[in-house]
Amino acid sequence: MDHTIAAISTPNGAGGMGVIRISGKDSLEVAESVFRSVSGKKLKEMKGYTAAFGTIEDDGEVIDEAVALVFRAPHSYTGENVVELSCHGGMYITRRVLRAVLSHGARPAEGGEFTKRAFLNGKLGLTEAESVMDIISASGAQSARAALSTMEGSLRKRIDSVREALLELAAHLAAWADYPEDEIPEIDENDLNQGLEKGIGELKSLLSTYDAGKIIREGVDTVIAGRPNVGKSTLMNLLAGCERSIVTDVPGTTRDIIEETVMLGNVPLRLSDTAGLRSTDDIVESIGVKRARERLESAGLVFAVFDASSTLTHEDRELICSLEGAPVVAIINKTDLPSEIDTEYIKSRIGHVVFISAKNDKDTSELRCAVEDIAGTAEFDPSLGILANERQYGSAQDALHSLEEAVSALKAGMTFDAITILIEDAINCLLELTGERVTEAVVDKVFSHFCVGK
Ligand code: GDP
């Protein structure tokens, strides 16, 4: 933290603007040595949150025009003195400016080092720091909102309230054990049990949002499957909102897997339109069919498409059997045609059945509801604060286990001392979750996922 660090904070590529961020106690001096303001004003004399226009110069050569934005410690992202030099975008210019900055005393920032400093300087908690990463990589509005809400501290507030209640329980237990002669109210086992159960309930509800949050953040691998000509490609195109797959009335046209990511409600679906499942002598088609079957096995969600205008074929029944237990929506397509299909049979084997005419309908809301129901995202409220990664999930789960053990210990008539220890274990897990008590190794691991410049 003694060193002043610098990195390009904008993406690597051509762009209207590029930002080189410098942070550390000497950042004003370092910036001063490459930046000359038009007004003649020195960066060192400028207040925080003010900007100057000027040129970047190195070895007597003008590299670019730039705006220097000054932040004074502790009122900056990292909590240190920060200067951001906004120059023109583009790989050459930004790298050239960075080189100039580095040759005047800054060292290159490591991946995530700005955010790590923000954490170490108390500007952000560990969960908030992790959510910075999620905000950068968010693909949908809801995942961005969830990450932003975590960054604003919603997860920490939720954890803190559980922890404070546990601390109170532990403190009462400890006081009662340590000072028996004082007039500390006796522990009521029912109250204690209730307190523990309340913590368990809150942790369980927090843990239960993890899967939904993960789906919203990362999306689901979704395979569109069915025999040839039921309308898989037409469905793909409807969901993609463009002609992504070739639609013909010739069975067996889609031979390779076609992929597209679409948002259905709040769920990003990575759709693959696969070759129609049937036995075939065509060698290319049969490779396609094999790939389709492999894809089906690893899918997070399957759209099994059927043709309403025909009776169920052997292939349809085979598909239904092979999907037992998997997350599936049965999509009965071509509802504009007279119905011949045995809907009751499908309903008896697949929990979610949706009727559609992929060729004529524009409305996919029925399918959206089925997907949100399966994904568990229908009731998802991104503002409540959710667990965003395996590390946070693991700590919350460890805390839950300790509390469950405490309840068992209480039932088994163990001493209050033993119960206090278990409650303290749970508190420690929660402190680790929010980063208030965390090893250096964990901190390093968290920030190792970050990109340089963040
Ligand atoms: P795939 O082989 O399963 O991908 O099926 P396609 O999407 O290529 O569609 C096969 C044929 O069914 C094409 O002629 C489509 O126009 C037609 N089709 C698809 N959806 C519908 C629908 O909802 N109603 C009707 N009447 N025809 C459809």
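Couple of notes before you dig in:
- In this calculation the C-beta distance from Ser205 to Glu390 is compared with R0 = 22 Å, giving a FRET efficiency of 0.70.
- Look at Val132, Val62 and count the other Cβ atoms within 10 Å of each Cβ; fewest to most, that gives Val62, Val132.
- In segment 51-191, taking the dipole from charged Cβ atoms about the Cα centre, the farthest positive-side position among Gly153, Val70, Ser86 is held by Ser86.
- Per-residue Cβ neighbour rank within 10 angstrom, fewest leading, Asp361, Asp59, Asp282, Asp342: Asp59, Asp282, Asp342, Asp361
- Over the chain, the ratio between the Cα radius of gyration and 2.2 N^0.38 Å evaluates to 1.30.
- Cα pair distances exceeding 18 angstrom across segment 384-434, given as percent: 36
- Extreme residue, positive dipole direction of segment 368-436, given options Leu422, Leu387, Thr434 (C-beta unit charges): Leu387
- Measuring against 19 Å, Cα to Cα, the residue pairs Lys214/Lys454; Lys123/Lys157; Lys47/Lys454; Lys232/Lys334 contain Lys214/Lys454; Lys47/Lys454 as the ones spanning a longer distance.
- Fully extended contour minus Cα-Cα distance, from Tyr49 to Ser310, at 0.36 nm per residue: 87.1 nm
- Neighbour-count order for Met151, Met91, fewest beta carbons within 10 angstrom listed first: Met91, Met151
- Modelled spin labels at Val452 and Val62, positioned 7 Å past Cα toward Cβ, are 2.9 nm from each other.
- Charge dipole magnitude, Cβ of K and R +1, D and E -1 - segment 68-193, Cα centre, debye nearest 20: 1900
- Placing +1 on the Cβ of every Lys and Arg and -1 on the Cβ of every Asp and Glu, with nothing else charged, gives the chain a dipole about its Cα centre of roughly 2020 debye.
- Cα-based Kirkwood hydrodynamic radius, segment 298-367, one decimal, Å: 12.4
- Of all DSSP bridge pairs formed entirely within the chain, close to 60 percent run antiparallel.
- Note on Lys44: lysines with a C-alpha under 20 Å away, same-chain residues under 8 apart excluded, are Lys25.
Here, each number is a calculation from the coordinates, and none is a lab measurement. Just so we're clear, the structure is a prediction, and the values are computed from it rather than from any experiment. Every residue, glycine among them, receives a Cβ derived from its backbone with ideal geometry; neighbour counts consider all protein chains shown.
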